[in-house]
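Participant: Below are the structure tokens for one structure; questions will follow.
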Amino acid sequence: MDTPDNAGMAEGATRKFMFVNRKAPYGTVYALESLEVVLISAAFEQDVSVAFVDDGVYQLKKGQQTKGIETKNFSPTYRALPDYDVEKLYVERESLDARGLDVADLIVDVTVLSAAEMGALMEAQDVVISF
Amino acid sequence: MKLGILVNEGPYQHEASDSAYLFCKAALAKGHEIHRVFFYHDGVNNSTRLTEPPQDDRNIVERWSRLAAEHGVDLVVCVAAALRRGIKDENLAPGFRISGLGQLVETGIRSDRLVVFGD
């Protein structure tokens, strides 16, 4: 393969990528490894959105303390996403409500969408990668 | 159609890898092109040649290797996820290569559809 690692985008093509986070931040490695792809995708100058649904909304919860499970608290990285030009963060309202959470509980500014609106936004993407 | 495939689960524990493989076979049989299969999360465990399933079970790793040999499918294993789980060039099965996450984003750009197999 002649394609370099973190470059080599198709000729001037910009596609709409959405990363969908569905899992709690700890317990499994999905959330951390999802964040790693989001950061890499930013280097490709794509139109990147990140969605948080189901237990994925817990990834953005304020006040995460991971010392007791000897795991890195990676939640501050979400706050750095705008530095990578990743500014479209969407959270599903139903997922927040079901867990007794509110936008004030989250560490970053997000756009809250209904499940139906989230579905429509997914429909408008070129690539949806769910973790 | 040009297809990209993402495999997020390890072999045997989860059916995602089987489904991805069978999907690839079916797509190729229908004349579609597989641009790349990218292995991420525990999916990287599909690539170790140290895997030895019982005789009466399918050999998932070998099956992927055969797909690469017979159809030239590009099997790419995420380097960061692989190193976390003890997958290195020295225990990589034939047909796989280790590279960066950029290869996943690139297949998203270059494929008509990216199909995700995971939990």
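Every number in this text was worked out from the coordinates using simple rules, so none of it is lab data. What you see is a predicted model, and the numbers here were worked out from it, not measured in a lab. Methodologically, a virtual Cβ is constructed for each residue, glycine included, from the backbone with ideal geometry; neighbour enumeration extends over all protein chains shown.
Participant: To the nearest 20 debye, what charge dipole does the stretch A:41-131 have about its Cα centre, counting +1 at the Cβ of each Lys and Arg and -1 at the Cβ of each Asp and Glu?
Facilitator: 520
Participant: Please identify which residues in the stretch A:86-105 have an amide N closer than 17 Å to a label point set 7 Å out from the Cα of A:Asn73, following the Cα→Cβ vector.
Facilitator: Counting backbone N atoms under 17 Å from the label point, the list is A:105.
Participant: Something else now. What pairs from A:Lys16/B:Lys2; A:Lys16/B:Lys88; A:Lys61/B:Lys2; A:Lys72/B:Lys25; A:Lys23/B:Lys30; A:Lys23/A:Lys67 go past 29 Å between their alpha carbons?
Facilitator: A:Lys16/B:Lys88; A:Lys61/B:Lys2; A:Lys72/B:Lys25; A:Lys23/B:Lys30
Participant: Roughly how many whole Å is it from the C-alpha centroid of the stretch B:34-100 to that of the stretch A:92-119?
Facilitator: 37
Participant: Using the Karplus curve 6.51 cos²θ - 1.76 cosθ + 1.60 with θ = phi - 60°, what ³J(HN,Hα) values do you get for each residue of the stretch B:84-95, in whole Hz, with x for Gly and Pro?
Facilitator: 3J(HN,Hα) across the stretch B:84-95, in whole Hz: 4, 10, x, 9, 9, 3, 5, 10, 7, 6, x, x.
Participant: Toward the positive end of the charge dipole of the protein assembly as shown, about the Cα centre and with charges on Cβ (Lys, Arg +1; Asp, Glu -1), which of B:Asn59, A:Val112, A:Gln59 goes farthest?
Facilitator: Of B:Asn59, A:Val112, A:Gln59, it is B:Asn59.
Participant: On to the next question. Given the DSSP H assignment, sum -39500 (n - 2.57) over each helix run of at least 4 residues in chain A and divide by its residue total; what's the result at 222 nm in deg cm²/dmol, nearest 500?
Facilitator: Value at 222 nm, helices only: -7000 deg cm²/dmol.
Participant: Could you work out the helix-only [θ] at 222 nm for chain B, with each DSSP H run of four or more residues adding -39,500 (n - 2.57) and the total divided by the number of residues, to the nearest 500 deg cm²/dmol?
Facilitator: -10000 deg cm²/dmol
Participant: Amide H to amide H, which residues 5 or more places from B:Arg36 or on other chains are under 5 Å from it, using H placed in the peptide plane?
Facilitator: Residues meeting the criterion, in which the H sits 1.01 Å from N, are B:Ile5.
Participant: Would you tell me the mean number of C-beta atoms belonging to other protein chains that fall within 10 Å of each C-beta in A:25-37, as a whole number?
Facilitator: For peptide A:25-37, the averaged partner shielding equals 3.
Participant: Per residue of the stretch A:35-41, in order, report the coupling 6.51 cos²θ - 1.76 cosθ + 1.60 (Karplus, θ = phi - 60°) as ³J(HN,Hα) in whole Hz, putting x for Gly and Pro.
Facilitator: 4, 4, 5, 4, 5, 5, 4
Participant: OK, next. What's the local net charge at A:Gly56, with K and R +1, D and E -1, over the other residues with C-beta under 10 Å away?
Facilitator: Summing Lys/Arg as +1 and Asp/Glu as -1 gives -1.
Participant: Show me the three semi-axes of the equivalent ellipsoid for the stretch A:14-130, from the C-alpha gyration tensor (sqrt of 5 times each eigenvalue), largest first, rounded to whole Å.
Facilitator: Calculated on Cα positions only, the semi-axes equal 21, 18, 12 Å.
Participant: Another question, then. Over all directions, average the projected area of the Cα convex hull of the protein assembly as shown and note it in nm².
Facilitator: With the hull built on Cα positions only, its mean projection is 14.6 nm².
Participant: Here's a follow-up. Evaluate peptide B:108-117: per residue, the Cβ atoms of other protein chains within 10 Å of its Cβ; return the mean as an integer.
Facilitator: Mean number of neighbouring Cβ atoms from other chains: 5.
Participant: Can you compute 3J(HN,Hα) from phi for each residue in the stretch A:46-52, using the Karplus curve 6.51 cos²θ - 1.76 cosθ + 1.60 with θ = phi - 60°, rounded to whole Hz and x for Gly and Pro?
Facilitator: 9, 8, 9, 10, 10, 10, 10
Participant: Also, I was wondering about something else. Would you tell me the mean number of C-beta atoms belonging to other protein chains that fall within 10 Å of each C-beta in B:76-83, as a whole number?
Facilitator: 2
Participant: A further question follows. Compute the FRET efficiency between A:Gln64 and A:Ala124 as 1/(1 + (r/R0)^6), taking r as their Cβ-Cβ distance and R0 = 41 Å, and round to the nearest 0.05.
Facilitator: My answer for the efficiency is 0.85.
Participant: Need one number: convex hull volume per residue for chain B, Cα atoms only, in Å³.
Facilitator: Value for chain B: 93 Å³ per residue.
Participant: Also, I was wondering about something else. Suppose every Lys and Arg Cβ carries +1 and every Asp and Glu Cβ carries -1, with no other charges. What dipole size does the protein assembly as shown come out with about its Cα centre, to the nearest 20 debye?
Facilitator: In debye, rounded to 20, the protein assembly as shown gives about 280.
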